[in-house]
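The values are calculated or read from the model by the stated rules, or taken from the named source; none is laboratory data. Everything numeric here is computed off the predicted structure, so don't read it as measured data. Reconstructed Cβ throughout: ideal geometry from the backbone, glycine too, with neighbour counts over all protein chains shown. Heads up: the accessible areas ignore ligands, DNA and RNA and are worked out on the full protein's heavy atoms, side chains in. Shrake-Rupley method; radii C 1.70, N 1.55, O 1.52, S 1.80 Å.
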Amino acid sequence: MGGPVVIVTGTDTGVGKTVFAAALADALGASYWKPVQAGTEECDRDLVAELGCLPSERLLPEAYRLATPCSPHRAAEIDGVSIDPERLALPSVPGPLVVEGAGGVLVPVTRSLLYADVFAGWRAPAVIVARTALGTINHSLLSIEALRTRGVAILGVAFVGEANEDSEATIAEMGKVRRLGRLPLLPRLDRASLAQAFAANFRAGDFLP
Ligand SMILES: Nc1ncnc2c1ncn2[C@@H]1O[C@H](COP(=O)(O)OP(=O)(O)OP(=O)(O)O)[C@@H](O)[C@H]1O
Ligand SMILES: [Mg+2]
């Protein structure tokens, strides 16, 4: 039996999932896994290595590394790779595991499988990383609805960006989700500033059963 698993998903690509996941994995002493990396010039695992300072044995290799930075289903087609859902089974590791999806919750992994369905199969709870910027209420509520429809438990929303009290409160209230905290946009993003910001704005205990 492995330890607790936390899925880090988000409202969109580029919202800050990897940055948040690096801080979370560091704070929990967790391993990190990105099952499908699409685009190998900038790998999420490398960013986590840089920002999370995890020992190499806790940075798990991806199940698939695809060349093109686009949706996994298409990146796989371009590479002539067939994604086998069985290879996306959660690895068993000692201690907690932080797993990052790709883009948002309804991103296709194959032409007949969405990431949200993979999450449901994992039977693990998810954190939704959401911007605080304009548009976030719609994106967050849509993501919450899509996860709930599939029976994925939601730990809460982790916001990234400048403070926007009404948007955060509205999402929590209308989406019936917990506000886990907000990571400000750090002018100098490095391991020390990220760890400090995470500790000041989140409680590690909120992510564990
Ligand atoms: N809290 C932050 N402070 C400063 N910059 C940030 C922060 N969060 C994210 N960024 C910037 O935004 C970029 C994109 O963030 P990140 O890679 O975490 O997004 P993502 O949601 O994981 O994207 P993808 O869908 O490609 O996996 C980072 O490389 C970083 O430059
Ligand atoms: Mg990422």
_Regarding region 68-89, can at least one residue be identified that is within 15 Å of ligand 1 (Cβ to nearest atom) and hydrophobic (A, V, I, L, M, F, W, C)?_
yes
*asked:* If I ask for residues that are open to solvent by 30 Å² or more (accessible area, probe 1.4 Å) and more than 8 Å from ligand 1 (Cβ to nearest atom), which ones from region 6-35 would you list?
replied: ASP26, ALA27, GLY29
*asked:* Residues that are under 15 Å from TYR32 (Cβ atoms), open to solvent by 40 Å² or more (accessible area, probe 1.4 Å) and in contact (Cβ under 8 Å) with a residue 24 or more places away in the chain: does region 116-132 have at least one?
replied: no
_Being of a type in the set (Val, Ile, Thr), without any contact (Cβ under 8 Å) to a residue 60 or more places away in the chain and open to solvent by less than 60 Å² (accessible area, probe 1.4 Å) is the filter here; which residues of region 67-106 pass it?_
THR68, VAL81, ILE83
_I'm told ARG58 meets every condition in (1) within 13 Å of ligand 1 (Cβ to nearest atom); (2) open to solvent by 10 Å² or more (accessible area, probe 1.4 Å); (3) over 20 Å from LEU186 (Cα atoms) except one. Can you identify the failing condition by its number?_
(1)
*List the pairs whose first member sits in region 1-22 and is without any contact (Cβ under 8 Å) to a residue 60 or more places away in the chain, whose second member is crowded, with 22+ Cβ neighbours inside 10 Å and in a loop (DSSP other than H, G, I, E, B), and whose Cβ atoms are under 8 Å apart, counting only residues at least 6 apart or on separate chains?*
none
*Please enumerate the residues belonging to region 3-18 that are more than 9 Å from ligand 2 (Cβ to nearest atom) and of a type in the set (Gly, Ala, Ser).*
GLY3
*Taking helices (runs of 4 or more DSSP H) that fall entirely within region 108-209, which contain at least 3 residues that are more than 16 Å from the chain's Cα centre (by Cα)?*
136-149, 165-175, 191-201
*Quick check, is THR170 modelled with pLDDT of 95 or more, touching an Asp or Glu at 6+ places or on another chain (Cβ under 7 Å) and open to solvent by less than 70 Å² (accessible area, probe 1.4 Å)?*
no
*asked:* Can you pull out every residue in region 38-55 that is in contact (Cβ under 8 Å) with a residue 60 or more places away in the chain and within 14 Å of ligand 1 (Cβ to nearest atom)?
replied: ALA38, GLU50, LEU51, GLY52
*In region 151-159, is there at least one residue being free of Cβ contacts under 8 Å to residues at least 40 places away in the same chain, within 16 Å of VAL15 (Cα to Cα) and in contact with a strand residue (DSSP E or B) (Cβ under 6 Å, 6 or more places away or on another chain)?*
yes
*asked:* Quick check on region 192-208. Is at least one of its residues in contact (Cβ under 8 Å) with a residue 24 or more places away in the chain, out of contact with any strand residue (DSSP E or B) (no Cβ under 7 Å at 6 or more places or on another chain) and of a type outside the set (A, V, I, L, M, F, W, C)?
replied: no
*Sole residue being away from ligand 2 (no atom under 14 Å from the Cβ), hydrophobic (A, V, I, L, M, F, W, C) and within 20 Å of GLY205 (Cβ to Cβ), chosen from LEU97, LEU60, LEU24, LEU90*: LEU97
